[in-house]
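Peer 1: First the structure, then my questions, so here it is.
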Amino acid sequence: MTRRSLLAPVCLALFALVPPPPLAAQGEAAIYVSSGPEVGRDAPTFTLDWASRDTVGTGPDAYGLWKDRGKVVVLAFYPRDFTHTDSLQLSLFRDRYDQLFGPDVVVLGVSVDSVRTHRRFAAQLALPFRLLSDPGLKVAARYGSKDSGGIARRTVYVIGRDGRVAWRDDRFKPTDKRSLDGLARAVRAAVKRPVR
């Protein structure tokens with residue numbers, strides 16, 4: 001008997017000892033568990049290089065979350081530049097900027113792409129906000145947005161003027177009206193909330 005044929009029964013026995021995850025009852029949504037800061041907690045601070053359609057910010061000009069303390073910040077993690085769904089999401093943000101965000105809100109897209117790629121992507125879509133480069137997914141991991149496939153999962157956070165998480169959507173769907181409406185309501189509430 002080979003080593004491989006001896007291991008197969010052992011592996012099967014081990015799998016039999018691990019109980020399967022509970023299934024959602026019929027009609028119930030499956031529960032998704034994510035790490036990252038919960039609503040009401042301080043948003044993890046970070047510094048990342050960025051690009052817009054016109055320029056880049058690296059080194060001393062990198063974006064630091066702490067620089068926007070006192071403002072409402074929307075932090076939108078997404079998988080990759082130049083993909084269909086990501087282009088759609090960021091174009092919706094551009095086209096509905098006033099309805100979703102307004103003039104006093106800082107909007108930031110975050111993905112693994114380089115500053116160079118971000119600049120081309122932002123120029124192609126004429127985005128009015130910055131795209132942050134998180135190539136090692138360190139910030140995505142701190143926000144519970146790191147996917148096992150080496151990209152960021154589509155997650156959106158609204159960070160209040162006090163630096164705390166005001167809202168989060170771990171499974172943001174740009175094609176779902178409920179996701180967009182929830183984001184707009186969360187931003188409006190955060191803008192109105194007094195800083196303590």
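Peer 1: Need pairs with beta-carbon distance below 6 Å; first residue over 17 Å from Phe129 (Cβ atoms) and within the range 56-68, second at pLDDT 95 or above and open to solvent by less than 60 Å² (accessible area, probe 1.4 Å); sequence gap 6+ or separate chains.
Peer 2: Correct list of pairs: Thr58/Asp49.
Peer 1: Right, another one. Report every pair of residues separated by at least 6 positions or lying on different chains whose Cβ atoms are under 6 Å apart, first residue within the range 150-168 and within 17 Å of Ala184 (Cα to Cα), second of a type in the set (S, T, N, Q).
Peer 2: Thr155/Ser145
Peer 1: Name, by its number, the condition in (1) crowded, with 20+ Cβ neighbours inside 10 Å; (2) under 18 Å from Gln99 (Cα atoms); (3) at pLDDT 95 or above; (4) not aliphatic (A, V, I, L, M) that does not hold for Phe121.
Peer 2: Every condition holds for Phe121 apart from (2).
Peer 1: Would the range 87-97 turn up any residue that is among the polar types (S, T, N, Q), on the phi < 0 side of the Ramachandran plot and not in a helix (DSSP H, G or I)?
Peer 2: no
Peer 1: Take the residues of the range 132-155 that are within 11 Å of the chain's Cα centre (by Cα) and of a type in the set (Ser, Thr, Tyr): which is farthest from Pro44 (Cα to Cα)?
Peer 2: My answer is Thr155.
Peer 1: Just checking, how many residues over the range 49-93 are aliphatic (A, V, I, L, M) and more than 14 Å from the chain's Cα centre (by Cα)?
Peer 2: Final tally of qualifying residues: 7.
Peer 1: Condition check: under 19 Å from Leu48 (Cβ atoms) and out of contact with any Cys (no Cβ under 8 Å at 6 or more places or on another chain). Does Leu92 satisfy that?
Peer 2: no
Peer 1: Also, quick follow-up: Tell me, yes or no, whether the range 59-67 has at least one residue that is at positive phi and not in a helix (DSSP H, G or I). Write out each step before concluding.
Peer 2: Within the range 59-67, the first condition is being at positive phi, and the residues that meet it are 59.
After this cut, where a residue has to be not in a helix (DSSP H, G or I) as well, the list is none.
Looking for residues that are at positive phi and not in a helix (DSSP H, G or I), one finds none in the range 59-67, hence no.
Peer 1: State which residue is modelled with the highest pLDDT when the search covers only the range 96-118 and only residues that are surrounded by fewer than 17 Cβ atoms within 10 Å (Cβ to Cβ), more than 18 Å from Leu180 (Cα to Cα) and of a type outside the set (Gly, Ala, Ser). Even if it seems obvious, please write down each step before you answer.
Peer 2: Initially, the range 96-118 is screened for residues surrounded by fewer than 17 Cβ atoms within 10 Å (Cβ to Cβ), giving 96-99, 102-104, 114, 116.
Subset that is more than 18 Å from Leu180 (Cα to Cα): 104, 114, 116.
Among the residues that remain, those that are also of a type outside the set (Gly, Ala, Ser) are: 104, 116.
Details: Asp104: 90, Arg116: 97.
The residue in question is Arg116.
Peer 1: Please verify whether Phe93 is open to solvent by 10 Å² or more (accessible area, probe 1.4 Å) and not hydroxyl-bearing (Ser, Thr, Tyr), treating the condition exactly as stated. Before you say what the answer is, go through the steps one by one.
Peer 2: Values: open to solvent by 10 Å² or more (accessible area, probe 1.4 Å): no; not hydroxyl-bearing (Ser, Thr, Tyr): yes.
For Phe93, the condition - open to solvent by 10 Å² or more (accessible area, probe 1.4 Å) and not hydroxyl-bearing (Ser, Thr, Tyr) - is not met.
Peer 1: Would you say Leu127 is crowded, with 19+ Cβ neighbours inside 10 Å, touching an Asp or Glu at 6+ places or on another chain (Cβ under 8 Å) and modelled with pLDDT of 95 or more? If you could, list the steps in order and put the result at the bottom.
Peer 2: On the way: crowded, with 19+ Cβ neighbours inside 10 Å: yes; touching an Asp or Glu at 6+ places or on another chain (Cβ under 8 Å): no; modelled with pLDDT of 95 or more: yes.
So Leu127 does not fit the description; no.
For (1) among the small types (Gly, Ala, Ser); (2) closer than 23 Å to Leu127 by Cα; (3) modelled with pLDDT of 95 or more; (4) surrounded by fewer than 10 Cβ atoms within 10 Å (Cβ to Cβ), each residue gets a yes or a no:
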position: Phe15; (1), (2), (3), (4): no, no, no, yes
position: Leu48; (1), (2), (3), (4): no, yes, yes, no
position: Ala51; (1), (2), (3), (4): yes, yes, yes, no
position: Ala76; (1), (2), (3), (4): yes, yes, yes, no
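Peer 1: Does Val158 satisfy being under 13 Å from the mean Cα position of the chain (by Cα), of a type in the set (A, V, I, L, M, F, W, C), crowded, with 21+ Cβ neighbours inside 10 Å and farther than 17 Å from Lys71 by Cα?
Peer 2: Spelling it out, it is not the case that Val158 is under 13 Å from the mean Cα position of the chain (by Cα), of a type in the set (A, V, I, L, M, F, W, C), crowded, with 21+ Cβ neighbours inside 10 Å and farther than 17 Å from Lys71 by Cα.
The values are calculated or read from the model by the stated rules, or taken from the named source; none is laboratory data. Just so it is clear, the structure is predicted and the values come from calculations on it, not from any experiment. Neighbour counts run over all protein chains shown; Cβ positions are idealised from the backbone, glycine included. Please note that ligands, DNA and RNA were not included when accessible areas were found on the heavy atoms of the full protein model with its side chains. Shrake-Rupley method; radii C 1.70, N 1.55, O 1.52, S 1.80 Å.
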